[in-house]
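First the structure, in the form of structure tokens, and then the observations on it.
The values are calculated or read from the model by the stated rules, or taken from the named source; none is laboratory data. These numbers were taken from a predicted model, which means no experiment stands behind them. Counting neighbours? That spans all protein chains shown, and the Cβs are built from the backbone with ideal geometry, glycine included.
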Amino acid sequence: MPETLDAVGRHPLEKGWHRDLKHPFVFIDGCVQIWPDADFSRLKDCGVTAYVITAFRPHDGAENAFDAIAEWWRVARTYPNDIRIALTAADITDAKAAGQASIVIGSQGGDFLGQNLNRLEMFHRLGLRVAIPAYNSRSTLADGLMEPANAGLSRMGERFVEACNRLGVLIDLTHVGERSSLEILAQTKHPVVFSHSNPRALVDSRRNITDEQIRLCAQTGGVIGVTNWGPLNFKPDATDRPRLDDYLDAVSYVVDLVGIDHVGVGTDMSHGTYPDGDLIRNRNAGTANRYAQFVEDSPRSRRRYVEGFDDYGQLIEVTEAMSRRGFSGQDIEKILGGNLLRVYAQVWGS
């Protein structure tokens with residue numbers, strides 16, 4: 001039986017953070033799944049300031065997306081001392097001061113828009129603040145990364161970029177096709193992010209991103225959320241579970257390429273029980289297949305993440321390892337959340 005993932009784990013502040021980090025500081029996880037059986041009252045007890053959640057399934061239509069966001073507003077109302085839905089960057093820091101965890105409503109995929117781009121403003125008014133235009137397959141907006149045609153943006157996709165810039169919705173390019181991402185990077189007037197993607201130069205997976213994508217994202221003022229998800233850290237000659245050093249290799253690579261101001265964290269971890277039916281759909285260019293063969297297939301297992309960073313309670317050790325690599329306390333604060341908070345303030349406005 002795989003070792004079950006417990007994403008809540010120990011509260012990092014029980015042992016104290018790295019000595020060079022100021023307290024309080026912000027830790028933002030740029031991609032998280034929170035399932036209905038999660039203990040919502042404990043979300044604030046992980047040392048995480050803000051969770052950017054996948055609020056509904058990637059290919060859901062408008063009705064399911066609406067219902068899922070409505071449920072999140074109900075959860076926030078039910079746990080008023082524990083959870084706050086963040087609509088501005090200030091909401092994140094205010095929630096931290098009040099002892100709450102922030103929830104940032106995000107979309108992995110653009111299928112909920114259908115053929116009607118006007119829905120984007122409605123969903124923004126409901127709290128949507130981060131949006132991936134295509135999840136692996138093609139949407140009405142763009143090609144996903146698994147589409148062999150790599151066809152780029154549709155005309156509606158071009159208007160989507162304009163609408164996101166106008167409304168203050170942060171565009172996330174993870175899972176988006178390479179050509180589509182490059183076209184968005186050329187068009188956007190605001191910073192964009194890759195919320196949970198690693199350098200393809202280290203692990204050649206479609207889910208990872210090229211140096212060109214990394215550089216152009218940084219040129220927008222954006223952030224690459226380096227992920228500890230195992231398959232994206234599973235190097236070509238590996239047969240064992242990747243370790244924390246493999247993850248930090250990816251962090252260091254992005255910092256060396258574009259600078260400390262453009263790196264964040266996106267764990268893609270879960271609170272609550274990952275559904276059995278979601279076993280690794282759209283396997284990614286052989287990387288996830290190899291990982292399943294040599295390491296682990298179950299999305300519920302801690303082994304689906306790098307050893308040494310499969311639980312929030314390990315953040316102390318993660319920061320200490322960053323320090324040993326030469327990152328200063330200020331550098332670590334930027335990586336853990338300062339850079340994403342800056343981008344949120346720029347894109348979401350007041």
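Yes/no per residue for (1) assigned to a loop (DSSP other than H, G, I, E, B); (2) not β-branched (Val, Ile, Thr):
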site	(1), (2)
ALA134	yes, yes
SER139	yes, yes
GLY152	yes, yes
ARG159	no, yes
ILE171	no, no
THR174	yes, no
*Working carefully through the options ARG77, ARG84, find the one that is surrounded by 20 or more Cβ atoms within 10 Å (Cβ to Cβ), of a type in the set (D, E, K, R) and more than 18 Å from ALA163 (Cβ to Cβ).*
ARG84
*asked:* Of all residues being among the aliphatic types (A, V, I, L, M), assigned to a helix (DSSP H, G or I) and touching a residue at least 24 places away in the same chain (Cβ under 8 Å) in the range 55-69, which is farthest from ILE34 (Cα to Cα)? Just the residue, please.
replied: ALA62
*Of the numbered conditions (1) within 26 Å of VAL306 (Cβ to Cβ); (2) hydrophobic (A, V, I, L, M, F, W, C); (3) out of contact with any Phe, Trp or Tyr (no Cβ under 7 Å at 6 or more places or on another chain), LEU173 fails exactly one; give the number of that condition.*
(3)
_Residue within the range 150-162 that is closer than 23 Å to VAL32 by Cα and buried (at least 24 other Cβ atoms within 10 Å of the Cβ) present_ = no
*Report yes if some residue within the range 215-231 is polar (S, T, N, Q) and part of a strand (DSSP E or B); otherwise report no.*
no
*Look through the range 170-187, keep the residues that are surrounded by 24 or more Cβ atoms within 10 Å (Cβ to Cβ) and out of contact with any Ser or Thr (no Cβ under 6 Å at 6 or more places or on another chain), and return whichever of them is farthest from LEU145 (Cα to Cα).*
LEU170
*Can we say SER197 is assigned to a helix (DSSP H, G or I) and either buried (at least 19 other Cβ atoms within 10 Å of the Cβ) or at pLDDT 95 or above (or both)?*
no
*Does the range 96-106 contain at least one residue that is part of a strand (DSSP E or B), of a type in the set (Lys, Arg) and farther than 18 Å from THR174 by Cβ?*
no
*Just one of (1) closer than 28 Å to SER328 by Cβ; (2) of a type outside the set (D, E, K, R); (3) in contact with an Asp or Glu (Cβ under 8 Å, 6 or more places away or on another chain) trips up PRO236, so point out which.*
(1)
*Restricting attention to the range 230-255, report how many residues are among the aromatic types (Phe, Trp, Tyr) and touching a Pro at 6+ places or on another chain (Cβ under 8 Å).*
2
